[in-house]
Amino acid sequence: MIQITAQMRVLVAIEPVDGRKGIDGLVRLCQDKLAEDPFSGCVFVFRSRGGTTIRLLNYDGQGYWLAQKRLSKGRFIWWPESGNAAKQLEAYEALLLFAAGDVARVRAAPMWRRVNTLK
């Protein structure tokens with residue numbers, strides 16, 4: 001099972017992917033199109049052309065996990081737009097996307113940042 005935590009890096013491929021691609025095909029896509037290391041532990045998210053299916057690819061140190069969600073009705077409402085091949089999401093945004101929610105309409109508290117109290 002792929003568990004998404006706040007510390008994990010989640011990258012969403014902007015362009016749709018052929019649903020027939022297996023682990024090896026998605027790994028090559030990570031390397032060639034996304035210019036990312038598929039062994040990094042990052043969770044890669046891909047969407048089908050029809051927008052009804054998403055696939056997650058993750059390397060856990062021993063091997064790859066490939067998970068898929070296909071909606072029984074409708075399509076995934078939101079998908080990121082970017083001039084780049086991929087867009088990074090926060091963990092809460094990824095979880096909302098996996099639930100077929102609209103990430104653009106939900107805002108959370110800003111991510112943690114170091115507060116410098118010494119001057």
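The values are calculated or read from the model by the stated rules, or taken from the named source; none is laboratory data. Just so we're clear, the structure is a prediction, and the values are computed from it rather than from any experiment. All Cβ positions, glycine included, derive from the backbone under ideal geometry; neighbour counts span all protein chains shown.
Quick rundown of the values:
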quantity: Some residue of the stretch 23-33 being more than 29 Å from residue 107 (Cβ to Cβ), surrounded by fewer than 17 Cβ atoms within 10 Å (Cβ to Cβ) and among the polar types (S, T, N, Q); calculated: yes
quantity: Pick from the stretch 44-67, criterion more than 17 Å from residue 78 (Cβ to Cβ) and in a strand (DSSP E or B), ranking: nearest to the chain's Cα centre (by Cα); calculated: 44
quantity: Single match in 100, 91 (criterion: closer than 18 Å to residue 5 by Cβ, out of contact with any Pro (no Cβ under 9 Å at 6 or more places or on another chain) and modelled with pLDDT under 95); calculated: 91
quantity: Matching entry among 104, 86 (being touching a Phe, Trp or Tyr at 6+ places or on another chain (Cβ under 6 Å) and either surrounded by 16 or more Cβ atoms within 10 Å (Cβ to Cβ) or not hydroxyl-bearing (Ser, Thr, Tyr) (or both)); calculated: 104
quantity: Close pairs (8 angstrom Cβ cut-off, 6 or more residues apart or separate chains): among the hydroxyl-bearing types (Ser, Thr, Tyr) in the stretch 59-77, surrounded by 14 or more Cβ atoms within 10 Å (Cβ to Cβ) anywhere; calculated: 59/38; 59/65; 64/23; 64/27; 64/38; 64/57; 64/58
quantity: Tally, over the stretch 77-105, of residues that are farther than 17 Å from residue 51 by Cα, in contact with a helix residue (DSSP H, G or I) (Cβ under 9 Å, 6 or more places away or on another chain) and of a type in the set (A, V, I, L, M, F, W, C); calculated: 1
quantity: Subset of the stretch 1-20 [touching a Leu at 6+ places or on another chain (Cβ under 7 Å), within 12 Å of residue 54 (Cα to Cα) and assigned to a loop (DSSP other than H, G, I, E, B)]; calculated: 17
quantity: Test: residue in the stretch 91-100 that is within 13 Å of the chain's Cα centre (by Cα), within 18 Å of residue 29 (Cβ to Cβ) and of a type outside the set (Lys, Arg); calculated: no
